[in-house]
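See structure below.
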Amino acid sequence: KNRMGICIFPQDSWYFDDLITMQSVGAMTGTDNLEADITRAEFVHMLYEYYNPSGGTGKLTFTDVSNDYPFAPAIKWAMKTGIIRGITDKMFAPDKKITRLEMIVILARFNEERENLLTATEPEHHLADCEKIPEWGKSAVHWAVANGIIYGNNGRVLPDDYVKVTEAVAMISRLGN
C-alpha cells in the first residue's frame, strides 16, 4: 500500500494482467494481501463473481454454511451446478484453506458445467510430481496442464500446497481466456 492506503501492484508481476481482469469485473475477495492463502469459500465466491452466474438459489445442505453467510449465494450456486461436493456430504469447510488440487478439481468441474469449452485432457508434458496426485484428481490435473490453466511451480503440481490469492486469480482468469 502507498501512504494513502491504496494498494499498488507491480506491473511486471506474473499475475498483473490476470489481477486487472479480475478486478475489472469485481471478482476479488476484498483482500489487500495477495500473497495470503485463500479459503474454499473465498475461491468459490471469486469464481462465482468472475463468471457472474444467474444466482445462488437452492437449499444449502452443508451444516457448516448458513444462509446468511457472506459467500452463501456462491456456495449454493456451486452446489447446484455440482462443482463442489464438500469434504463430506454435510461439511463444506468454508474457512479451510483450499489446496491446489482442490482448486484444480473445482475448475475442471466448472469447465464441464460450461460444456467443455476447454477440451484437451492429456498434456504434452507432465509435471514432476504427478505421481503424488491421488486418483480422484489426476484427470483434472491433466486437463488443467493440457489447457494452460496451470503451469506448475518450478515444474511441480504441489497438490497439497495451499493456494495464494494471486494463484487463484491467475487460474480463474486463464479459464476464461
- Long-range HN-HN contacts of Ile150 with modeled amide H, under 5 Å: Val145
- Item | Residue-wise HN-Hα coupling along the range 132-143, computed from phi with Karplus coefficients 6.51, -1.76, 1.60 (Hz; x: Gly, Pro) | 7, 7, x, 3, 5, x, 4, 5, 5, 5, 4, 4
- Message: Quick check on packing: order 165-172, 144-151, 130-137 by the mean number of other C-beta atoms within 10 Å, highest mean leading.
- Response: 165-172, 144-151, 130-137
- Among the lysines, select those whose C-alpha is under 17 Å from the C-alpha of Lys164, and discard any that sit fewer than 8 residues away in the same chain. Lys96, Lys97
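Values in this text are rule-based calculations from the coordinates and carry no lab data. Keep in mind that what you see is a predicted model, and the values were worked out from it rather than measured. We place every Cβ from the backbone using ideal geometry, glycine too, and count neighbours over all the protein chains shown.
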